[in-house]
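Input: a single structure, listed below in structure tokens.
The values are calculated or read from the model by the stated rules, or taken from the named source; none is laboratory data. Predicted model only: the values in this text are computed from it and were never measured. Please note: Cβ atoms are built from the backbone with ideal geometry, for glycine as well, and neighbour counts cover all protein chains shown. Areas reflect the complete protein model, heavy atoms only, side chains present, ligands, DNA and RNA absent. Shrake-Rupley method; radii C 1.70, N 1.55, O 1.52, S 1.80 Å.
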Amino acid sequence: MVFTLPSQTTTPLEPLGFSVPSKEYLVKQFVGKKLKDCRTPRLVVDRSVVKRNCEHIAAVGAKSGKKIRVHIKTHKTIEATEIQLDSAKTDAIVVSTLAEAYYVINSHLVSSGKLKDVLFGFPVSPDRFDDVYHLSTKVEKFCIFIDHDQTLDALEAYCQQRFGEGGAPKLNVYMKVECGNERAGAAINNDDSVNLARRLTTSPLLNVVGLYTHAGHSYASRDTNAAVNFLKSERDAALAYKKFLADNGVLFENISIGATPTVMAAGLVDSSELEGITELHAGSFVLNDRQQLATQLLDESGLAVTVLCRVASRYPERGSFLMDGGALGFSKDPAPQGGFGDIVGKPHWKLNKLAQEHSIVTEVPLEEFKHVNVGDVFRIVPNHCCLTAACYEFFLIIEENGDEVVDIWVPVRGW
Ligand SMILES: Cc1ncc(COP(=O)(O)O)c(C=O)c1O
């Protein structure tokens, strides 16, 4: 098919074309301050927990004998990416936006040799090819996802127009395949998928890296057994996919599987259970949250993120009080435990209601209510670390559950 190319859109080309708050300025403002003296709502990240969470994933990689690829979408910062690379012992990441790719590729992480392999983990649309080819020149290996042959039609049309016959440099590509998550990925037992796989592996424009699955549905795990079952079914789906293609004459070597629950589960099984899998990828494990707690694959010591909120008013007649935060401080993502967060040290209080800027805490026993005053600050464990972190233009960093700011991390936003 001859594809009519859309115009190219641009992510912030170098230097970043949209503003990222100045870390230098924020460090001067905040480092050394007590959390209670900071404007709320704010996202607080415990750097020592981030490091330990990454060390745990490195141990999973070592035990299973698999390469680890870490997702950076949870935090979108250079600092946490560096901890992930150092402590999870890898040089490979996944990004969910091209803005994230620009941010880390333009940082010292590439020039220092720590970051070598960047996967844009979202099926690429044809308006972004300019950015993809540009980024491919900036890091040792830049990979994309393709899961539909229209994308390949578009890529061929783009390369013909931009580079002429035979002139295009090769792009690294993973074929994204469906493993039960039903979000992105080409279907198994389908002629179109075989056709796509054949075109990918024979295209002069591409270097095929492997198959990639993402088990987002494993967030439904409510205990370690369930997570291990999700891991096994993701493994089986990926291996069945490889066999399905091989039976149709198309050979793929590498298989990357993962999501935080299935990679945590990979640490619980014998390495023989992962035969045929070459890479494990995960992201949320860096910060963790109530959704991850609900899987029972970790305990509170793995929680690296809280939202700092301040009491703005109190309503004793309703047994409730009002804090800042709101939907713009937490997101409205649910968790199996119900409500929007756990108030640290107050497990029986409920954060059940959010409006744009309002957080309503209810079910506070009268005896305890007497001690809640306007201006008090609380820390709340959010439901979903990725969406909550995305609410903030910078993060307050602490160490070992301390109450003093030791650094500021600035995430990149936008697409
Ligand atoms: C393509 C891809 N890979 C890996 C991950 C990491 O998953 P998790 O955050 O569950 O570890 C995600 C998360 O959405 C993803 O979209």
Practice prompt. Pop out the carbon and sulfur fraction of the accessible area of the stretch 176-296 as a percent, whole number, probe 1.4 Å.
Written response: 46
Discussion item. Less than 19 Å apart at the alpha-carbon level, and either on another chain or at least 8 residues along: which lysines does that give for Lys353?
Written reply: Lys332
Practice prompt. Compute the length gained on full extension between Thr202 and Thr224: take 0.36 nm times their separation in residues and subtract their Cα-Cα distance, giving the result in nm to one decimal.
Written response: 3.8 nm
Worksheet item: To the nearest Å, what is the center-to-center distance of the stretch 264-322 and the stretch 396-415, using C-alpha atoms only?
Response: 18
Discussion item. As an exercise, find the ratio Rg/Rh for the stretch 43-176 from alpha-carbon atoms, using the Kirkwood inverse-distance average for Rh.
Written reply: 1.03
Response to the item:
Burial-style ranking of 146-154, 213-221, average other-beta-carbon count within 10 Å with highest first, yields 213-221, 146-154
Practice prompt. Calculate, for Lys63 and Arg318, the FRET efficiency according to 1/(1 + (r/R0)^6) with r their C-beta to C-beta distance and R0 35 Å; round to the nearest 0.05.
Written response: 0.10
Discussion item. How charged is the neighbourhood of Gly267? Take every other residue with its Cβ under 13 Å from the Cβ of Gly267, and add Lys/Arg as +1 and Asp/Glu as -1.
Written reply: -1
Worksheet entry | For the chain, the spread of Cα positions along each principal axis, largest first, Å | 74, 47, 37
Worksheet item: Tell me, how many Å apart are the Cα centres for the stretch 52-91 and for the stretch 170-199?
Response: 26
Worksheet entry | Unit charges on C-beta of K, R, D, E only; dipole of the stretch 53-176, Debye | 480
Worksheet item: Got a sec? Charge dipole of the stretch 283-415, +1 on Cβ for Lys and Arg, -1 for Asp and Glu; which of Ile408, Trp349, Gln292 is way out at the positive end?
Response: Trp349
Discussion item. Using each residue's phi in the stretch 364-372, evaluate 6.51 cos²θ - 1.76 cosθ + 1.60 at θ = phi - 60° and report the 3J(HN,Hα) Karplus result to the nearest Hz, with x for Gly and Pro.
Written reply: 8, x, 3, 4, 7, 4, 4, 9, 8
Fill in: Amide H partners (placed H, <5 Å) of Phe142, local residues excluded
Val118, Asn172
Worksheet item: Per 10 Å bin, what is the whole-percent P(r) computed from every C-alpha pair distance within the stretch 47-292?
Response: 7, 32, 36, 20, 4, 0
Discussion item. Please report the net charge: other residues with Cβ closer than 15 Å to the Cβ of Gly302, K and R +1, D and E -1.
Written reply: -3
Response to the item:
In Å, the C-alpha Rg and Dmax of the stretch 305-360 are 10.8, 32
Fill in: Local net charge near Lys141, Cβ-Cβ under 12 Å (Lys/Arg +1, Asp/Glu -1)
+1
Worksheet entry | Kirkwood Rh and Cα Rg combined as Rg over Rh, evaluated for the stretch 154-202 | 1.08
Worksheet entry | For peptides 323-331, 223-231, sequence by mean Cβ density within 10 Å, most packed first | 323-331, 223-231
Fill in: All aspartates and glutamates inside 16 Å of Lys370 as judged from Cα atoms, apart from same-chain residues fewer than 8 positions distant
Glu317
Fill in: Mean Cβ count within 10 Å, highest first, over the residues of peptides 38-50, 181-193
38-50, 181-193
Worksheet entry | Projected-area mean, the stretch 300-409, by convex hull of Cα positions, square nanometres | 7.0
Practice prompt. Express as a percent, rounded to the nearest 5, the fraction of DSSP beta bridges in the chain (both residues included) that run antiparallel.
Written response: 45
Discussion item. Among the listed pairs Lys63/Lys116; Lys232/Lys350; Lys51/Lys170, which have their C-alpha atoms separated by more than 27 angstrom in this model?
Written reply: Lys232/Lys350; Lys51/Lys170
